[in-house]
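*Asks:* I'd like to ask some things about the structure below.
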Amino acid sequence: MSKILRIAIQKKGRLSEKSLAIIGQCGIKFGSDERVLKERATNFPLEFLYVRDDDIPSYVHDGVADIGIVGRNELDEQGLELAVLRDLGFSKCRLSIALPHDVPYTGLTSLEGMRIATSYPNILRSILAENGVKASFVEVSGSVELTPAVGIADAICDLVSTGATLAMNGLREVEQIYTSTAVMIGRKTMDRDEKRAILERLLLRIDAVMKAASYKYIMFNLPVEHIKAVSDLIGGLKSPTVTPLLEEGWVSMQSVVAEDRFWDVFEQLKALGAQGILVTPIEKMTE
Ligand code: ATP
Ligand code: ZN
């Protein structure tokens, strides 16, 4: 039987949809019957295991799955020796300290002697230790925001993305101690495994998808005398494509521009007399 790569993905939660979306953008086809816990892609040697996110690091570590997609927070909290193959960038969140409104805060030392409720004791412990702060922990696996109100904790340390839940519970975010995004993980020793070749194929596609998402394709018309200036400005994969227009003295140029430089480039193009600027997203991209 030919080899198959197994990937562990969160069954239901904040990581699920985007994890499946990125695999889908790699052109990998699979059914979406919500009740299955295991399924095979139809056009790529990949098998999906749908599990709780907490179980993903140990499944990969123990070889139940070969790779997985999990929040970096979960990986660091569990402290298992695993390789981060790619930072996928989505499901961005932060681990923050929050306090009731009437409790003063001037820095991490304000937490000295407090009871802090958290689901991430290991990450919190290492950060407090680095700062020489001693506190006690109340380990809870959910509804952390409730603990100060019911009197079992003085402060909390929890994942935040917008802060709305904190506000609803009368808490204020006073310090961000850690940030997390979704990462693709694997075992450190997969080098000579036959599955490594399948993984390489998958990573090549993932890189193309991620790269495409960070660039835009741009087309515009430009007076010929500014070709050099624009070419220096935008570059391109090799260099921009330049095609003559029927109208004397004008060309059409095409190139790719990194998303984070886009507005800067756009303004400079306008200043150099570019007209009819068209911008489109890129679906896949390699260099
Ligand atoms: P499971 O049932 O699989 O154990 P869960 O309740 O532990 O699910 P989710 O709430 O779905 O997990 O969060 C999964 C991951 O999504 C987190 O570990 C974190 O990396 C990320 N995440 C992004 N934003 C947030 C947020 N606002 N709150 C919590 N986690 C977030
Ligand atoms: Zn979980």
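The values are calculated or read from the model by the stated rules, or taken from the named source; none is laboratory data. Predicted, not measured: the structure shown is a model, and the values here were computed from it. Every residue, glycine as well, gets a Cβ built from its backbone with ideal geometry; the counts of neighbours run over all protein chains shown. Keep in mind that these areas ignore ligands, DNA and RNA; they rest on the heavy atoms of the full protein, side chains included. Shrake-Rupley method; radii C 1.70, N 1.55, O 1.52, S 1.80 Å.
*Asks:* Could you compute the net charge surrounding Ser239? Neighbours are other residues with a C-beta less than 15 Å from the C-beta of Ser239; K and R count +1, D and E count -1. Don't jump to the answer; show the numbers that get you there.
*Replies:* On the way: positive: Lys228, Lys238; negative: Asp232, Glu287.
Summing Lys/Arg as +1 and Asp/Glu as -1 gives 0.
*Asks:* Ignoring ligands, DNA and RNA, what percent of the accessible area of the chain is carbon or sulfur (1.4 Å)? Spell out each step's value before the answer.
*Replies:* On the way: 7920 of 15500 Å².
Answer for the chain is 51 percent, counting heavy atoms of protein chains only.
*Asks:* What shape does segment 215-281 have by the C-alpha gyration tensor, where a ≥ b ≥ c are the square roots of the eigenvalues, rounded means a/c under 1.5, and otherwise prolate means a/b greater than b/c and oblate the rest? Don't jump to the answer; show the numbers that get you there.
*Replies:* Working: a/c = 1.66, a/b = 1.54, b/c = 1.08.
Note, shape of segment 215-281 comes out prolate.
*Asks:* Any idea what angle helix 262-271 forms with the longest principal axis of the chain, computed on alpha-carbon atoms, 0 to 90 degrees, nearest 10?
*Replies:* Tilt of helix 262-271: around 30 degrees.
*Asks:* Can I ask one more? Starting from the Cα gyration tensor of the chain, take the square roots of the eigenvalues, sort them a ≥ b ≥ c, and report rounded, prolate or oblate (rounded when a/c is under 1.5, otherwise prolate if a/b is larger than b/c, else oblate).
*Replies:* Values: a/c = 2.79, a/b = 1.47, b/c = 1.89.
Here the chain falls in the oblate category.
*Asks:* Quick check on segment 93-180: of the DSSP beta bridges with both residues there, what percent are antiparallel, nearest 5%? It would help to have the intermediate numbers written out before the result.
*Replies:* Numbers: 13 of 20 bridges.
The antiparallel fraction comes to roughly 65 percent.
*Asks:* Now for a separate question. Using the crude model of +1 on Lys and Arg Cβ and -1 on Asp and Glu Cβ, and no other charge, please compute the dipole size for the chain relative to its Cα centre, in debye to 20.
*Replies:* 780 debye
*Asks:* Rounded, prolate or oblate, given the Cα gyration tensor of segment 85-174, with a/c below 1.5 counting as rounded?
*Replies:* Oblate.
*Asks:* Cross-link candidates for Lys29: which lysines have Cα within less than 23 Å, leaving aside residues fewer than 8 places away along the same chain?
*Replies:* Output for Lys29: Lys3, Lys11, Lys12, Lys18, Lys38, Lys195, Lys211, Lys284.
*Asks:* Below 8 Å between Cα atoms, with a sequence gap of 6+, how large is the relative contact order for the chain in percent? Walk me through the numbers before you get to the answer.
*Replies:* Details: 529 pairs, mean separation 54.1, N = 287.
The value is 19 percent.
*Asks:* Related question: Among Ile22, Val183, Ala41, which residue has its Cα positioned farthest towards the positive end of the charge dipole of the chain, with +1 placed on the Cβ of Lys and Arg, -1 on the Cβ of Asp and Glu, and the dipole taken about the Cα centre?
*Replies:* Ala41
*Asks:* Where does helix 195-213 land angle-wise versus the long Cα axis of the chain, in degrees 0 to 90, nearest 10?
*Replies:* Once rounded, the angle reads 70 degrees.
*Asks:* Related question: Put Ser16, Ser141 in order of accessible area, largest first, 1.4 Å probe: what do you get? All intermediate terms of the calculation are to be shown ahead of the outcome.
*Replies:* Values: Ser16 10, Ser141 120 Å².
From most exposed to least exposed: Ser141, Ser16.
*Asks:* If ligands, DNA and RNA are left out, what is the accessible area of Ser252 with a 1.4 Å probe, given in Å² to the nearest 10?
*Replies:* Roll a 1.4 Å probe over it and Ser252 shows about 20 Å².
*Asks:* Write down the accessible area per residue of the chain in Å², having rolled a 1.4 Å probe over the full set of protein chains.
*Replies:* On the way: 15500 Å² over 287 residues.
For the chain, the per-residue accessible area is 54 Å².
*Asks:* Still on this structure, please answer the following. How far, in degrees from 0 to 90, does helix 121-130 lean away from the longest principal axis of the Cα atoms of the chain, to the nearest 10?
*Replies:* Computed tilt is about 90 degrees.
*Asks:* Here is a follow-up. Subtracting the Cα-Cα distance from 0.36 nm times the residue separation, let me have the gained length for Thr243 to Val84 in nm, one decimal.
*Replies:* On the way: separation 159, 0.36 × 159 = 57.24 nm, distance 4.33 nm.
Fully extending the segment from Thr243 to Val84 adds 52.9 nm.
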